[in-house]
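Values in this text are rule-based calculations from the coordinates and carry no lab data. These figures come from a predicted structure and were not determined experimentally. Glycine gets a Cβ as well: all are built from the backbone with ideal geometry, and neighbour counts include every protein chain shown.
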Amino acid sequence: MSGWRAILAVAVAAVIAALPAHAAEIPTDARRSGTTFMSSETKAMQDDDSANPGMLSVLDGEALWNAKAGDAGKACADCHGDGSVSMTGVAARYPALDPALGRPVDLEGRINLCRTRHQQASPFGNESRELLALSAFIGRQSRGQPITAGDDPALAPSVARGHDLFMQRQGQLDLACANCHDDNWDKHLAGSAITQGQPTGYPVYRLEWQSMGSLSRRIRGCMTGVRAQAYDFGSPDMVALELYLMSRAKGMAMETPAVRP
Amino acid sequence: MASALVNVPAKAKRGAVIEIKTLMSHIMETGYRRTAAGELVPRDIITSLTCRFNGAEIFRADLFPAIAANPFLSFFTVATESGNFEFEWIGDNGFVATASAAISVE
């Protein structure tokens, strides 16, 4: 972050920190996807499948879906069949409970569990091209479907944990997620819209990153921004926060692969 | 794994102006960035896109380091006859990728 942006961020943070936290959740009918905060040019890029760079990742993911991997010599398609049929609505309900682990895992975690358990292959690295491609391909099959994550009653403790983390002030700037994304989403931070933090389009193609990135990466960016220690990829707290964000967006339409500025 | 998305109208009327859109998967590393250790990241970009229609070149673009990753280029042409568009991207480190698309002109 350049010097002036850091100073501005601190100044804005100081103003926000001085405000009382409303702790008021966004009413269901006032929820807005990040798309509605974007310029018309970025929206056009997202809406045109031949201009949306996320679709390149989806194409890669489709190839990986059908490629045999690991000591078991099995492809995703060997168990799950045609991904465009079997994966409809799946990404919309993640993070979901893994019974063997006894805790929720996000979609990236699920893909890597499938690799180690069923393909006997090594897991993909965090934010690797392959992992993002497969999650983009799977996410694409839920485009337009309503988010259902968190419906499982067994997930209630994790949703509650995620909610607590969302409300908890942290980092040197002493900001909670809620201070920006519940209380000030209609304002700007430097030149950028704050947005409500609705995770409708992950993995997204982010123009700032010049690449695809997962929800975990986005959250870690926010946490670094408030000078907090970012949660590790796939850690229980990271997944709980992702799960709370998805349950907070329940019923909103999936947009994967979204484009974000 | 190079992948391209090419969007050409499948049909067009003779004499119509048509838009052709291309999206190519590439990191477009500028050659000006440094790693945390201070070492220069070597340049790795696409340097040209050529489009041929039925063998004749109709569009060519040179690309440079300031162009964003996954370059999207679109251009217009006039539909004269049915045929095949062939696209070729050439870049650093021997990068070559091709794609093609057919159009039927009535």
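Distance between the C-alpha centers of the range A:180-255 and the range B:1-69? Whole Å please.
For the range A:180-255 versus the range B:1-69, the Cα centre distance is 30 Å.
As an exercise, use a Förster radius of 45 Å and the Cβ-Cβ distance of residue B:36 and residue B:10 to find the FRET efficiency, rounded to the nearest 0.05.
For R0 = 45 Å, the calculated efficiency reads 0.40.
From the alpha carbon gyration tensor of chain B, can you work out the equivalent ellipsoid semi-axes (sqrt of 5 times each eigenvalue) and give them in Å, largest to smallest? Could the numbers behind the result be given before it?
Numbers: eigenvalues 216, 25, 22 Å².
With the √(5λ) rule applied to chain B, the semi-axes are 33, 11, 10 Å.
At 1.002 mPa s and 20 °C, plugging the Kirkwood radius over alpha-carbon pairs of chain A into Stokes-Einstein gives what diffusion coefficient in µm²/s?
In µm²/s, the coefficient rounds to 113.
Say we join alpha carbon atoms closer than 10 Å with springs in a Gaussian network model of chain A; which of A:34, A:139, A:191 then has the biggest fluctuation?
Fluctuation is largest for A:191.
Based only on Cα atoms, what mean projected area does the convex hull of the range A:129-261 have, in nm²?
Numbers: hull surface 32.2 nm².
The orientation-averaged projected area of the Cα hull of the range A:129-261 comes to 8.0 nm².
List the aspartates and glutamates whose Cα lies under 17 Å from the Cα of residue A:187, skipping any in the same chain that are fewer than 8 positions away.
A:25
Given that compact globular proteins tend to follow 2.2 N^0.38 Å, what is the ratio of the alpha-carbon Rg of the range B:11-65 to that value?
It is 1.73.
Per 10 Å bin, what percent of the C-alpha pairs of the range A:116-202 does each bin hold, from zero upward?
Spelled out per bin, shortest first, that is 13, 27, 38, 19, 3.
When the convex hull of the Cα atoms of the range A:52-140 is projected onto a plane and the area is averaged over all directions, what value comes out in nm²?
5.5
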